[in-house]
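Please read the structure below before turning to the comments.
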Amino acid sequence: MSAESTPGAGIPGAPGPSERGQGRRRKPRGGHTGLRIAAWTAAGVVVLGGAGAGYVYVKLNGNLDSVDINQALGTDRPTKADNGSENILVLGSDSRSGSNRKLGGGADEGSARSDTAMVVHIYKGHKKASVVSIPRDTLIDRPECTDADGVTHDAARGVMFNSAFTTGGAACAVKTVESITDLRMDHYLEVDFSGFQKLIDELGGVEVTTTQDIDDPDSHLKLEAGTHRLDGEQALGLVRTRHGVGDGSDLGRIQLQQAFIKALVAQLGDVGVLGNPKRLYDLADTATKTVTTDSDLGSVNSLLSWASGLKGIGPGDMTMITMPVQYDPADLNRVLLDEKKADLVWRALKADRPIPRAATTGTATGQAKSVVE
């Protein structure tokens, strides 16, 4: 399995070779995500809860945090698609405070960061999906935006993409993505990485195969080449590592993340919790504490209803690419949007069409495509 891969015919999206050589890059700051776990497990808990289902529902509902994106951003947004497709912005968040401070090798002043961002496009019929990762190191022009507390933040030019979330939280992140893509984000999902580690442990780990040794003290990950069932700490290390593989860039880390997500999705149907109510409850309790959603998905019922429509999408139905970028010749720790190729991606998704191969041919990659299978 490649990190940037194409399922069967109908949704092409394979990337081209890297155009740049090796280069030392800065330390990582995190990244992780998962889809459908919270709603899937919550559904099972309510079904199995019997007389206690009411309490369980209230408890899980109280775990969920949500953000009213529509109210914060108002009407000055791209038009909603009318072709049956959906776009979801998925962020991995890292406050580096509390339990997060001890994970993944990092510590700072505790400010919120989002170093993983993915635009997930669900095609009409909800049988296939394309996932476009946006590198955190992309230099962009951030639009003026109003956060969920009503505070307006000035526009900024030539700043890193992940500054949008740090500056104005979920609402500013959505506004920035919509300004880059001209796609309306129908939903928002944010996954906290300390909860991500616990979720992986409660799922019984995730099996992956590495084609080379990985040794990255920054992310606390050391794996010999071969097949491994990663526990939560190892999984977190894998999706955070960058110095241990490829060219040391954030682009290489994205390739590892994409490969891990496909492995995770492949195993979700076989975790063996439906016959174990306590394990199912523990998993749902953790999952609903781990995610933040837009207000439209801010209840167990809403999240369940939405997620049930995605149950037919497996790893073979997902195309995963990185937003077309090129390394910044002035600073190899940064990347610049390849506007012509990125436009091919956004136009295709807006029309609910496959991503053309030309969109990712000749763009920068992290040279870690085949490290995880």
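About its Cα centre, the range 248-373 has a charge dipole of approximately 240 debye under the convention of +1 per Lys or Arg Cβ and -1 per Asp or Glu Cβ, with nothing else charged.
Per residue, the solvent-accessible area of the range 164-309 (1.4 Å probe, heavy atoms of protein chains only, all protein chains present) comes to 32 Å². Database remark: amide H of A156 closer than 5 angstrom to the amide H of R142 (H placed geometrically; neighbours at sequence offset of 5 or more, or on other chains; Pro and chain starts carry no H).
Phi angles of the range 236-245 translate, via the Karplus equation with coefficients 6.51, -1.76, 1.60 and θ = phi - 60°, into HN-Hα couplings of 4, x, 5, 7, 9, 6, 9, 6, x, 9 Hz per residue; Gly and Pro are given as x. Toward the positive end of the charge dipole of the range 202-325, with +1 on the Cβ of Lys and Arg and -1 on the Cβ of Asp and Glu, the farthest Cα among L236, A307, G246 is that of A307.
Segment K80..V58, full-extension length gain: 4.7 nm, with 0.36 nm per residue of separation and the alpha-carbon distance subtracted.
Working from label points 7 Å from Cα in the Cα-to-Cβ sense, the D149 to D68 distance is 1.7 nm. What the Cβ-Cβ distance of A266 and K127 gives, at R0 = 22 Å and to the nearest 0.05, is a FRET efficiency of 0.85. Computed 3J(HN,Hα) for the range 283-290, one whole-Hz value per residue from the Karplus formula 6.51 cos²θ - 1.76 cosθ + 1.60 where θ = phi - 60°, is 5, 5, 4, 5, 4, 6, 7, 8, glycine and proline marked x.
Averaging the Cα positions of each part gives two centres, and for the range 292-317 and the range 111-140 these lie 16 Å apart.
Sequentially through the range 124-131, phi angles give Karplus couplings (6.51, -1.76, 1.60; θ = phi - 60°) of 3, x, 6, 10, 9, 8, 10, 10 Hz, Gly and Pro residues having no value and appearing as x.
Backbone amide hydrogens, once placed in the peptide plane, bring D294 within less than 5 Å of V67, Y188, excluding anything fewer than 5 places away on its chain. Note that the range 122-266 shows a convex hull volume over its alpha carbon atoms of 136 Å³ per residue. Tell me which residues come under 5 Å, amide H to amide H, from L230 once H is placed; ignore anything under 5 positions away on its chain. Amide H neighbours of L230: V206, E207, V208.
With a threshold of 18 Å on the Cα-Cα distance, the over-threshold entries among K124/K369; K262/K311; K222/K289 are K124/K369; K222/K289.
If R0 is 51 Å, the Cβ-Cβ spacing of R347 and T211 corresponds to a FRET efficiency of close to 0.90.
Debye sum, Cα scatterers, the range 134-181, no solvent: what log₁₀ I/I(0) at q = 0.16 1/Å? The Cα Debye sum returns log10 ratios of -0.33. The slack in the chain from S295 to S308, taken as 0.36 nm per residue of separation less the alpha-carbon distance, amounts to 2.9 nm.
Each peptide in 143-155, 354-366 receives the mean, over its residues, of other Cβ atoms within 10 Å, and ordering these scores from highest gives 354-366, 143-155. Tell me the Kirkwood hydrodynamic radius of the range 166-232 in angstroms, computed as one over the mean inverse distance between distinct C-alpha pairs. For the range 166-232, inverting the mean 1/r across all distinct Cα pairs yields 15.1 Å. Ordering of 189-198, 328-337 by packing is 189-198, 328-337, highest average first (other Cβ atoms within 10 Å, averaged per residue).
The values are calculated or read from the model by the stated rules, or taken from the named source; none is laboratory data. This structure is a prediction, so every number in the text was calculated from the model and none was measured. Neighbour counts run over all protein chains shown; Cβ positions are idealised from the backbone, glycine included. Ligands, DNA and RNA are stripped out before the accessible areas are found, and what is left, the full protein with its side chains, is counted by its heavy atoms. Shrake-Rupley method; radii C 1.70, N 1.55, O 1.52, S 1.80 Å.
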